[in-house]
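Colleague: First the structure, then my questions, so here it is.
Taken together, the values in this text are just the output of simple stated rules run on the coordinates, not laboratory data. Please read all numbers here as calculations on a predicted model, not as lab measurements. Here the Cβ is made from the backbone with ideal geometry for all residues, glycine too, and neighbour counts use every protein chain on show.
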């Protein structure tokens with residue numbers, strides 16, 4: 001068996017290829033973001049650091065929040081881990097994702 005190529009219309013191909021590339025960029029821009037919370041740290045009673053990864057693009061982020069976290073700080077200093085449900089981390093990330101910083105860990 002031999003294989004060969006039949007040439008198409010080069011001008012129309014370039015035109016539709018550019019439209020396809022633009023459409024794929026828009027799709028990536030507006031698709032749902034899947035967040036995986038990796039770590040919640042409370043270094044002081046007044047600050048909390050939430051580290052998370054977006055699995056769509058694999059970027060890692062860090063969100064620092066200020067507030068009154070004294071009971072959680074005491075719990076963490078006693079050796080217990082802080083769960084995402086306890087601090088409502090999902091809602092905090094949704095509301096403050098624009099203030100998070102991309103990290104290279």
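Colleague: What is the residue count in the range 1-43 for residues that are under 14 Å from the mean Cα position of the chain (by Cα) and either part of a strand (DSSP E or B) or within 30 Å of residue 72 (Cβ to Cβ) (or both)?
Modeller: Adding up the residues that qualify gives 8.
Colleague: Would you pick out the residues in the range 42-67 that are touching a strand residue (DSSP E or B) at 6+ places or on another chain (Cβ under 7 Å), surrounded by 13 or more Cβ atoms within 10 Å (Cβ to Cβ) and farther than 17 Å from residue 99 by Cα?
Modeller: Matches in the range 42-67: 42, 46.
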